[in-house]
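The values are calculated or read from the model by the stated rules, or taken from the named source; none is laboratory data. Note that the coordinates shown come from a computational prediction; the quantities given were computed from them, not determined experimentally. Neighbour counts are summed over all protein chains in view; Cβ atoms, including those assigned to glycine, are modelled from backbone coordinates with ideal geometry. Just the protein is used for accessible areas: all its heavy atoms, side chains included, with ligands, DNA and RNA removed. Shrake-Rupley method; radii C 1.70, N 1.55, O 1.52, S 1.80 Å.
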Amino acid sequence: MKKQTKVKICMLTATVCLLLLIVCSCSYSGYKGEYPGAYTLVYTQVPDTRGARFLGPNYDDPQILLLETDSIGRALYLYLEDTEGPLSLVIVQKESEDTVYFYPEDSAISFRTPDRIYDLYEKKLPDSELLSLYNELCSAEELSAFKELNDWGKPIDEIRLDSAAITRPGIDNPWSYRKGKVITPFFNWRDLMLDLAVKNGHNVPEGFLNGNDGMNIYDSYMATDKYGRELHYIESSYYVYSEEGVYPESYTRYYLEMLAIINPDGSFDPDSFMIELSDKCDPDDEIRELKERCGWNQPFGEVGK
C-alpha cells in the first residue's frame with residue numbers, strides 16, 4: 001500500500017513538474033527587437049494585437065520591418081504578429097528613448113492575410129515574402145492616402161499628436177494577455193458583452209444568456225490617457241447549433257469583439273463604456289466614438305460638457 005502511494009506521489013510530482021516546464025517554456029519576456037517605438041504603437045492602436053508570435057509552445061518577437069522614412073524623420077513600418085492576424089502598416093511621427101508619438105486613430109492601417117498562408121506551421125514569413133504580401137494587400141493609392149493622412153513629408157502637427165510610453169510587456173503563459181494598471185470588471189465582462197451583443201442584434205442562444213453555456217473571455221490592455229483611463233480590447237464567442245448540421249458543421253461560431261474604457265478607479269458607465277467592433281481591421285471610427293463618449297484625455301469634471 002505504501003509502495004503504491006509512493007508511486008502515485010512520484011507520478012503526481014512528475015506531472016506537476018511537466019506542467020510547470022510547459023508553462024515556463026511558453027513565457028515571453030518581452031520584445032527584444034530594434035523597433036520598440038513601432039512595437040508599442042501597434043498594440044496601442046491595433047485591436048487584438050498580442051505583442052508576440054505564438055509558435056507553439058514558445059513565443060517570439062513579431063516581425064517588424066522599417067519600410068521608409070521621410071525628410072522630417074517619420075518612419076513607416078510593417079508589422080505581422082502571425083499569419084492568422086492582420087498585417088499592419090504604422091507611421092511613427094517621432095520617438096524618444098522612452099516615448100513614441102503618433103496621430104491617434106490615423107497612425108495604422110491593417111489588412112487581413114489571405115487564407116492560403118494560414119496553414120504555415122512556423123507562422124513566420126521570410127522578409128521577401130512579407131514584403132510581397134504587403135505589396136499585394138496595400139495598393140499604391142491606399143499607401144498614398146495613408147501617408148497624406150499622417151502629413152508625410154510635412155511638418156508635424158503637434159496639436160494632433162498623442163504619445164505612449166514605450167514598453168515591452170511580457171507574457172506569462174499561453175492564456176495570459178497584456179494587463180494594465182486598472183483592475184477591470186473581468187467577472188462582469190460576460191454579462192456586459194452579451195447585453196451589448198443582444199442590443200446590437202445578435203441572436204445569442206438562451207444557454208449563454210442564462211449562464212449555462214461557458215464562454216472564454218480575453219481581456220487585453222491597449223492604452224492609457226492623460227488621466228489614467230485605460231482602453232481595453234475584449235474578445236469572446238458563442239455558438240449557434242443547427243438541427244440539420246453534421247459535425248464539424250453542426251454549429252456556427254460568432255465572435256464578440258469589444259473595446260472598453262475603464263476609469264482609473266475601476267469604475268465605468270455601463271451605458272457608454274463599451275462598443276462593439278464591426279471590423280477590427282478598420283476600428284478607427286469606433287475608437288474615436290468610444291473615446292469621445294468616455295471623455296478620453298479630458299479632466300474628469302469636464303466629461304460630457
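For the range 237-256, what are the residues that are open to solvent by less than 30 Å² (accessible area, probe 1.4 Å) and either at pLDDT 95 or above or hydrophobic (A, V, I, L, M, F, W, C) (or both)? Scanning the range 237-256 gives a single hit, L256.
One line per residue, one yes/no per condition, for (1) touching a residue at least 24 places away in the same chain (Cβ under 8 Å); (2) assigned by TED's automatic domain parsing to the domain that holds V198; (3) assigned to a loop (DSSP other than H, G, I, E, B):
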site: R253; (1), (2), (3): no, yes, no
site: E257; (1), (2), (3): yes, yes, no
site: I261; (1), (2), (3): yes, yes, no
site: P264; (1), (2), (3): yes, yes, yes
site: S272; (1), (2), (3): no, yes, yes
site: C281; (1), (2), (3): yes, yes, yes
site: E286; (1), (2), (3): yes, yes, no
site: E289; (1), (2), (3): no, yes, no
site: E292; (1), (2), (3): no, yes, no
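Matching residues to (1) at pLDDT below 60; (2) β-branched (V, I, T):
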site: V7; (1), (2): yes, yes
site: C10; (1), (2): yes, no
site: C26; (1), (2): no, no
site: V42; (1), (2): no, yes
site: Q45; (1), (2): no, no
site: T49; (1), (2): no, yes
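So, G207, is that one within 30 Å of F273 (Cα to Cα), out of contact with any strand residue (DSSP E or B) (no Cβ under 8 Å at 6 or more places or on another chain) and assigned to a loop (DSSP other than H, G, I, E, B) or not? So G207 does not fit the description; no. For first residues located in the range 186-197 and open to solvent by less than 30 Å² (accessible area, probe 1.4 Å), partners that are in a helix (DSSP H, G or I) and lie 6+ apart or on another chain with Cβ distances below 9 Å form the pairs L194/F208; L194/L209. Scanning the range 61-72 for residues that are open to solvent by less than 50 Å² (accessible area, probe 1.4 Å) and assigned to a loop (DSSP other than H, G, I, E, B) yields D61, P62, D70. When each of F208, F146 is tested for being in contact (Cβ under 8 Å) with a residue 12 or more places away in the chain and under 28 Å from C294 (Cα atoms), the lone residue that passes is F146. Is it the case, given these coordinates, that I234 is open to solvent by 10 Å² or more (accessible area, probe 1.4 Å) and either touching a helix residue (DSSP H, G or I) at 6+ places or on another chain (Cβ under 6 Å) or not assigned by TED's automatic domain parsing to the domain that holds E97 (or both)? It is false that I234 is open to solvent by 10 Å² or more (accessible area, probe 1.4 Å) and either touching a helix residue (DSSP H, G or I) at 6+ places or on another chain (Cβ under 6 Å) or not assigned by TED's automatic domain parsing to the domain that holds E97 (or both).
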